[in-house]
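Colleague: Handing you this structure, nothing more for now.
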Amino acid sequence: MKSVDRPDTVLIVDFGSQVTQLIARRIREAGIYSEIVPFQSAEEGFARIGPKAVILSGGPASTTEIGSPRAPQAIFESGVPVLGICYGQMTMCVQMGGEAESSEHREFGRAFVRIEKSCPLFEGLWSPGERHQVWMSHGDRVISLPDGFEVFGRSEGAPFAVFGDPARKMYGIMFHPEVVHTPDGARLLQNFVENVAGIEGDWTMQAYRAHAVEAIRSQVGKGRVICGLSGGVDSSVAAVLINEAVGDQLTCIFVDHGLLRKNEAEEVVEMFRGHYNIPLVHVDAADLFLDALAGETDPEAKRKTIGRLFVEVFEREAKKIGGAEFLAQGTLYPDVIESVSFSGGPSVTIKSHHNVGGLPERMDMQLVEPLRELFKDEVRALGRELGLPDHFIGRHPFPGPGLAIRCPGGVSREKLDILREADAIYLDEIRKAGLYDAIWQAFAVLLPVQTVGVMGDGRTYEYVCALRAVTSVDGMTADFYPYDMAFLGAAATRIINEVRGINRVVYDVTSKPPGTIEWE
């Protein structure tokens with residue numbers, strides 16, 4: 001790394017694309033650090049970060065509209081390499097003196113680009129005369145280029161699908177290289193940052209670990225830190241990292257709300273107390289949470305109740321510890337991005353769908369957030385670097401409200417016990433079949449429906465259990481996992497035979513299209 005404090009950085013200016021985060025992920029997958037800033041604060045971000053390259057994202061606006069977003073002119077005047085994607089291509093073209101217009105020939109979805117000339121973006125990838133699949137999403141198109149720019153690729157609806165000025169290291173592409181639907185997109189982005197911008201891919205988790213430990217020690221000094229453990233990967237990695245930095249100055253508080261998966265609370269306590277010997281306060285608050293949730297059917301009300309009680313219990317236990325000046329949280333980079341998202345963005349309103357709430361300002365503590373620059377897959381890589389066991393690091397995502405949101409309708413101890421057993425059997429069958437790592441997320445849901453069934457010589461009136469399993473490369477889109485019927489039959493048979501209270505099992509084949517924010 002060039003500097004412990006500031007690695008060579010690619011700045012991504014967000015114009016509101018639903019897949020802007022994927023650009024940052026692709027750049028980081030190439031071993032190069034990247035940050036996202038909304039276009040409204042891009043000028044400040046550009047001056048603060050001093051990036052080695054800039055990428056302008058796509059977005060829903062049109063450059064033909066009065067008042068549509070623009071990139072800071074300072075970016076184009078700085079000599080820093082620039083890549084514009086979709087809307088980013090349009091605004092770069094217009095701001096540099098070219099023209100764009102609304103097009104009658106829109107392109108949404110799969111398209112093909114014909115390569116006209118070689119350029120550094122295509123090195124080792126595409127050659128003149130070839131046609132390559134890309135993913136388009138545009139209703140406007142460039143109709144004339146700024147001085148010094150030339151065309152390198154065309155599509156049916158975009159005569160300037162790829163253009164650039166090699167002398168100024170500026171390029172624009174009409175398609176989205178960040179999505180998996182553009183098969184060569186990741187390589188094209190890598191070509192930009194390495195071949196055009198000349199940035200070396202040397203940003204590693206080993207380097208990040210060293211930098212984070214140094215930063216934590218510098219921030220905390222001799223102070224005391226408390227960390228709220230949820231049992232999930234994020235807070236656990238944060239706790240282990242902070243413990244490496246400041247040792248027994250850290251105390252973890254694990255609020256067990258009674259909504260965890262089978263044996264999860266015991267595993268967390270054993271790992272932190274037994275394996276890592278980290279001071280841990282384990283609070284069994286299941287009765288408090290379940291009594292408060294009794295009779296509540298509205299999913300948002302359940303989340304808010306869980307969030308409120310979590311804060312109350314955590315605050316009470318923190319006061320008992322006393323003297324702590326710092327509060328550690330497993331905040332990730334997507335959380336940071338969402339908090340300043342473009343025009344409020346859908347992610348802001350849906351954020352509570354996953355989380356259970358933050359801590360009140362009255363706690364008056366400084367935040368320690370050592371993971372706030374990382375994506376989920378990077379947190380897992382850091383966890384492995386820190387020595388956390390693979391079976392823990394590789395666990396499927398599990399939302400903060402836990403089983404409460406996988407138990408639609410009213411929540412009761414009886415229903416949660418039924419769901420825990422069914423979920424554990426389902427995951428056990430997945431592991432036995434060697435499918436766990438091939439699936440991004442799998443879980444059982446206890447539906448608020450009871451059906452009549454015949455079991456042996458008698459009739460039953462019991463719950464329906466739904467099974468979900470989805471595949472995903474990046475969490476932005478997902479599709480159901482295509483189990484064979486033999487697997488589903490075996491899993492369903494075990495659940496029905498071993499779990500009292502369930503007499504029917506169904507498999508959910510819902511997909512998650514682009515643009516949705518969360519999956520539970």
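Colleague: Efficiency by 1/(1 + (r/R0)^6): what FRET value for Glu77 and Leu367, r their Cβ-Cβ distance, R0 = 45 Å, to the nearest 0.05?
Modeller: Numbers: r = 36 Å, r/R0 = 0.81.
So, using R0 = 45 Å, E works out to roughly 0.80.
Colleague: A further question on this structure: Quick one: which residues, 5+ away or cross-chain, put their amide H under 5 Å from the amide H of Ile36? H built at 1.01 Å from N.
Modeller: Under 5 Å from the amide H of Ile36: Ile12.
Colleague: Can you give the accessible area of Arg209 in Å² (nearest 10), computed on protein heavy atoms with a 1.4 Å probe?
Modeller: Probe radius 1.4 Å; accessible area of Arg209 about 60 Å².
Colleague: Ok, one more. Could you derive backbone 3J(HN,Hα) for segment 171-185 from the dihedral phi with the Karplus parameters 6.51, -1.76 and 1.60 (θ = phi - 60°), listing whole Hz in sequence and x where the residue is Gly or Pro?
Modeller: In residue order, the calculated couplings are 9, x, 10, 7, 9, 9, x, 6, 8, 5, 6, 9, x, 9, x Hz.
Colleague: Using label points projected 7 Å from each Cα along Cα→Cβ, tell me how many nm separate Arg224 and Ser41, to one decimal.
Modeller: 3.3 nm
Colleague: Starting from the Cα of Arg131, move 7 Å in the Cα-to-Cβ direction to define the label point; list residues of segment 184-212 whose amide nitrogen is under 18 Å from there.
Modeller: Backbone N within reach: 184.
Colleague: When the helices in the chain are scored as -39500 (n - 2.57) per DSSP H run of 4 or longer and the sum is shared across all residues, what 222 nm value do you end up with, to the nearest 500 deg cm²/dmol? Before the final figure, lay out the partial values.
Modeller: On the way: 16 runs with 168 residues, N = 520.
When only DSSP H runs of four or more count, the value is -9500 deg cm²/dmol.
Colleague: Which one of Gln40, Ile23, Leu83 is farthest out on the positive end of the charge dipole of segment 1-106, using unit charges on Cβ (Lys, Arg +1; Asp, Glu -1) and the Cα centre as origin?
Modeller: Result: Ile23.
Colleague: Write down the Å³ per residue value for the convex hull defined by the alpha carbon atoms of segment 170-282.
Modeller: Working: hull volume 20.0 nm³, N = 113.
Per-residue hull volume (Cα only) is 177 Å³.
Colleague: So for the chain: antiparallel DSSP bridges make up what percent, rounded to the nearest 5? Working shown, then result.
Modeller: Values: 36 of 74 bridges.
Approximately 50 percent, going by the DSSP bridge assignments.
Colleague: Rounded to the nearest angstrom and ordered from largest down, what semi-axes does the equivalent ellipsoid of the chain get from its C-alpha gyration tensor (root of 5λ)? Before the final figure, lay out each step's value.
Modeller: Values: eigenvalues 388, 179, 80 Å².
Over the Cα atoms of the chain, the ellipsoid semi-axes are 44, 30, 20 Å.
Colleague: A further question on this structure: From the gyration tensor of the Cα coordinates in segment 92-225, what semi-axes in whole Å does the equivalent ellipsoid have, largest first, with each one equal to sqrt(5λ)? Spell out each step's value before the answer.
Modeller: Working: eigenvalues 280, 57, 53 Å².
After diagonalising the Cα gyration tensor, the semi-axes are 37, 17, 16 Å.
Colleague: Mind putting a number on the dipole of the chain about its Cα centre? Charges go on the C-beta only, +1 for Lys and Arg and -1 for Asp and Glu, and I need it in Debye to the nearest 20.
Modeller: Numbers: 51 positive and 71 negative charges, 72 e Å.
Around 340 debye, computed over the chain.
Colleague: Hydropathy first: keep DSSP H helices in the chain averaging at least 0.5 on Kyte-Doolittle, then drop any whose Cα extent along the axis falls short of 18 Å, and list what survives. Display every interim value, and only then the final one.
Modeller: Values: long enough: 205-220 (22 Å, -0.17); 233-246 (20 Å, 1.31); 299-321 (33 Å, -0.67); 413-432 (28 Å, -0.76); 485-498 (19 Å, 0.86).
For the chain, where a helix must reach 18 Å along its axis and average at least 0.5, the hits are 233-246, 485-498.
Colleague: Could you tell me which GluC sites (Glu not before Pro) in segment 150-214 are loop residues by DSSP with no more than 16 other beta carbons within 10 angstrom of their beta carbon?
Modeller: Working: sites: Glu150, Glu156, Glu178, Glu194, Glu200, Glu214; in loops: Glu156, Glu178, Glu200.
Passing sites in segment 150-214 are Glu156, Glu200.
Colleague: Under the definition of Cα pairs under 8 Å and six or more residues apart, what whole-number percent is the relative contact order of the chain? Spell out each step's value before the answer.
Modeller: Working: 1023 pairs, mean separation 55.7, N = 520.
Normalised by residue count, the contact order of the chain is 11 percent.
Colleague: Please give the contour-minus-distance gain from Thr471 to Ala486: 0.36 nm per residue of separation, less the Cα-Cα distance, rounded to one decimal in nm.
Modeller: Details: separation 15, 0.36 × 15 = 5.40 nm, distance 1.93 nm.
Extending this stretch completely gives an extra 3.5 nm.
Colleague: State the extension gain, in nm to one decimal, for the chain segment bounded by Glu156 and Glu116, taking 0.36 nm per residue of separation less the distance between their alpha-carbons. Spell out each step's value before the answer.
Modeller: On the way: separation 40, 0.36 × 40 = 14.40 nm, distance 1.33 nm.
Extra length from Glu156 to Glu116 when fully extended: 13.1 nm.
Colleague: Another question about this same structure. Determine the gain in length on full extension of the stretch Glu99-Glu325; use 0.36 nm per residue of separation and subtract their C-alpha separation, reporting nm with one decimal. Before the final figure, lay out each step's value.
Modeller: On the way: separation 226, 0.36 × 226 = 81.36 nm, distance 5.55 nm.
Gain in length upon complete extension: 75.8 nm.
Colleague: Can I ask one more? What's the carbon and sulfur percent of the chain's accessible surface, probe 1.4 angstrom, rounded to a whole number?
Modeller: 49 percent
Colleague: Here's another thing I want to ask about it. Keeping every protein chain present and rolling a 1.4 Å probe, give me the accessible area per residue for segment 1-80 in Å². Provide the component values of the computation, followed by the final result.
Modeller: Details: 3060 Å² over 80 residues.
About 38 Å² of surface per residue is accessible.
Colleague: List the residues, sorted by chain then number, that are 5 or more residues from Gly228 or on another chain and whose placed amide H is less than 5 Å from its amide H.
Modeller: Under 5 Å from the amide H of Gly228 lie the amide H atoms of Ile253, Ala328, each far enough along the sequence or on another chain.
Colleague: If you don't mind, there's one more thing I want to ask. Could you order the peptides 43-51, 302-310 from most to least packed, using the average number of other C-beta atoms within 10 Å per residue?
Modeller: Details: 43-51: 15.8, 302-310: 19.6.
Put in order of decreasing packing, that is 302-310, 43-51.
Colleague: At a probe radius of 1.4 Å, what is the per-residue accessible area of His396, in Å² to the nearest 10?
Modeller: Ignoring ligands and nucleic acids, His396 comes out at about 10 Å².
Colleague: Follow-up. Would you work out which of Ala167, Ser412, Gly458 lies farthest towards the positive end of the dipole of the chain? Charges go on Cβ: Lys and Arg +1, Asp and Glu -1.
Modeller: Gly458
The values are calculated or read from the model by the stated rules, or taken from the named source; none is laboratory data. In this text the structure is predicted, and so the values were computed from the model without any measurement. Here the Cβ is made from the backbone with ideal geometry for all residues, glycine too, and neighbour counts use every protein chain on show. Quick note on the areas: whole protein, heavy atoms, side chains included, nothing else; ligands and nucleic acids left out. Shrake-Rupley method; radii C 1.70, N 1.55, O 1.52, S 1.80 Å.
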